[in-house]
Amino acid sequence: MSLLSLAAALLLEQWRPLADRRYLYALLARYATFLEGLFNAGETRQGAIAWAIAVLPVVLGAWLVYRAAYGANPLLALLLNVAALYLTMGFRQRSHYFTGIHLALKENDLAKARDILSAWRQVSCAELDREAITRLAIEEALIASHRYVFGVIFWFVLLPGPTGAILYRLSMFLKGRWGEEAELERFSHFARRAFAALDWLPVRFTAAAFAVVGDFEDAVFCWRTQASNWPDPELGIVLASGAGAIGVRLGMPILAGGEVVDRPELGLGEPADIGHLDSTVGLVWRALVVWLLLLLLIALAGAST
């Protein structure tokens, strides 16, 4: 059922992508703000309680609904899975930014490419040159493919029904919502640690998939030697493996606010150009196919026993 659900959700999103999730995010934001106001007194323990109240009832409720749907009719359970994946995967949610940047660079419209990248990263990219725009677009695409596709798929397959996908995305939302505010550092500690624990295995599965479908030796070399230098070493694994797999140099200093922002180098090969944007798309799609084929083999092996 997992493979059927994934295939159906991917086809549905390709046919009719759900580009606007503002209402869902607004609802989750109000929920998170309410719990923060109710529990936050600057202690880590209170953040852990708020996280548990925010996440566990939703996940448990999803599991109970799934069990009831499966008991009534397996087709209802399948439809529930597809709906949950349609809301949580977001395969096309971020890709329109990447596509827009790709088209703008093909037309040599750097101003438009900077504007789209600024909207995607939610920081000004007005001072970036063509190579830096391309480099950052590839970085954002690799991160988005992991966070909004592969990480969701990993937990969806591992846990029953839609519970894994909901657990992963809700944990990611709370980490981002509470973890970006300096005054919430202690309160958000548990949310950050919980998501880091949930993301530990998916990060490595994503990086391994990139290595398998790309330049394996370079991907593994960059993963082993460069990832730990990235500010977020876990995302560094995804970026280093992806960069090595397609033979491009990512990271490196960028100009922002009139100042040079130093960033470690990731990857090997040529500076980022428009051809590497095409390679990034191919890498993500090939990795997705590998994951689906692996699920198919597991399903066939289970059916034969």
Report task. Check Glu180 against each of (1) in contact (Cβ under 8 Å) with a residue 24 or more places away in the chain; (2) surrounded by fewer than 18 Cβ atoms within 10 Å (Cβ to Cβ) and name the one condition it does not meet. Result -> (1)
Requested in this report: Mind counting the residues in segment 8-28 that are touching a helix residue (DSSP H, G or I) at 6+ places or on another chain (Cβ under 9 Å), farther than 18 Å from Arg94 by Cα and modelled with pLDDT under 85?
Outcome: 1
Report task. Kindly provide the set of residues from segment 134-163 that are β-branched (Val, Ile, Thr) and either touching a strand residue (DSSP E or B) at 6+ places or on another chain (Cβ under 9 Å) or surrounded by 21 or more Cβ atoms within 10 Å (Cβ to Cβ) (or both), ordered by number. Result -> Thr134, Ile138, Val149, Val152, Ile153, Thr163
**Report entry** Search result, residues across segment 40-53 that are open to solvent by less than 50 Å² (accessible area, probe 1.4 Å) and more than 21 Å from Leu158 (Cα to Cα)
**Finding:** Gly42, Thr44, Gln46, Gly47, Ala48, Ala50, Trp51
Query raised in the report: Within segment 125-181, which residues are closer than 30 Å to Ala104 by Cα and in contact with an Asp or Glu (Cβ under 9 Å, 6 or more places away or on another chain)?
Result: Cys125, Ala126, Arg130, Glu131, Thr134, His146, Arg147, Gly151
Report summary line: The condition of being under 21 Å from the mean Cα position of the chain (by Cα) and either surrounded by 14 or more Cβ atoms within 10 Å (Cβ to Cβ) or without any contact (Cβ under 8 Å) to a residue 40 or more places away in the chain (or both) holds, among Tyr31, Tyr23, only for Tyr23
Query raised in the report: Has segment 200-215 got any residue that is more than 20 Å from Tyr148 (Cα to Cα) and open to solvent by less than 50 Å² (accessible area, probe 1.4 Å)?
Result: yes
Query - Condition met for Ile166 (over 24 Å from Leu136 (Cβ atoms), open to solvent by 20 Å² or more (accessible area, probe 1.4 Å) and of a type in the set (Val, Ile, Thr)) - result: yes
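This table checks each residue for (1) open to solvent by 20 Å² or more (accessible area, probe 1.4 Å); (2) touching a Gly at 6+ places or on another chain (Cβ under 8 Å); (3) touching a residue at least 60 places away in the same chain (Cβ under 8 Å); (4) among the hydroxyl-bearing types (Ser, Thr, Tyr).
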| site | (1), (2), (3), (4) |
| --- | --- |
| Leu85 | no, no, yes, no |
| Tyr97 | yes, no, no, yes |
| Leu105 | no, no, yes, no |
| Ala126 | yes, no, no, no |
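So which residues in segment 235-268 are open to solvent by less than 50 Å² (accessible area, probe 1.4 Å) and farther than 13 Å from Leu142 by Cβ, if there are any at all? Full working, then the answer.
Taking segment 235-268 and keeping what is open to solvent by less than 50 Å² (accessible area, probe 1.4 Å), we get 235-248, 250-252, 254, 256, 263-264, 266-267.
Gly247, Met252, Ile254, Ala256, Arg263, Pro264 - these are the residues of segment 235-268 that are open to solvent by less than 50 Å² (accessible area, probe 1.4 Å) and farther than 13 Å from Leu142 by Cβ.
The values are calculated or read from the model by the stated rules, or taken from the named source; none is laboratory data. Keep in mind that what you see is a predicted model, and the values were worked out from it rather than measured. Because the Cβ atoms are built from the backbone with ideal geometry, glycine has one as well, and the counts that use them run over all protein chains shown. Note: areas computed on protein heavy atoms with side chains; ligands, DNA, RNA excluded. Shrake-Rupley method; radii C 1.70, N 1.55, O 1.52, S 1.80 Å.
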